[in-house]
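The values are calculated or read from the model by the stated rules, or taken from the named source; none is laboratory data. Please read these numbers as outputs of a predicted model, since none were measured by experiment. Quick reminder, even Gly has a Cβ in these numbers, built from the backbone with ideal geometry, and neighbours come from all protein chains shown.
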Amino acid sequence: MISLSESAVQKIKALTADRAPGSGLRVKVVGGGCSGLQYRMEIDQPGERDRVFEHDGARLIVDKKSFLYLNGSILDYAEELMSAGFRLVNPNVKRSCGCGESFSV
């Protein structure tokens, strides 16, 4: 299971409002960064083999491989004075790099 904060739900709904029906935020784990893995996000349509988590009308799309790394995570969205964006609170992360852009499990 992957959970969404209320602010993440609202932002996903805003981002997908003018997209094709069924669109959602795809979150995937890819190789890269100084710790070995990093997150990628994009607005997309789910495929047959994807897991889709729906929360109050917002859809989160995750491929099966990425779900192994993301299970138990919470997706949040925050707007602060100097930055704004999605943030994953992932209990599976064992180590992350100094800049916070990559991680290892």
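Of the residues making up region 52-81, those that are small (Gly, Ala, Ser) and part of a loop (DSSP other than H, G, I, E, B) are 57, 72, 73. In region 21-37, what residues are crowded, with 17+ Cβ neighbours inside 10 Å and part of a strand (DSSP E or B)? Passing the criteria: 24, 25, 26, 27, 28, 29, 37. Note on region 66-105: among residues that are surrounded by 12 or more Cβ atoms within 10 Å (Cβ to Cβ) and charged (D, E, K, R), the one that is modelled with the highest pLDDT is 76.
When region 48-61 is filtered for residues that are over 19 Å from residue 7 (Cα atoms) and either surrounded by 12 or more Cβ atoms within 10 Å (Cβ to Cβ) or within 11 Å of the chain's Cα centre (by Cα) (or both), the ones remaining, listed by number, are 50, 51. Considering only residues of region 4-35 that are at pLDDT 95 or above, of a type in the set (Gly, Ala, Ser) and closer than 26 Å to residue 96 by Cα, which is nearest to the chain's Cα centre (by Cα)? For region 4-35, the residue satisfying everything is 8.
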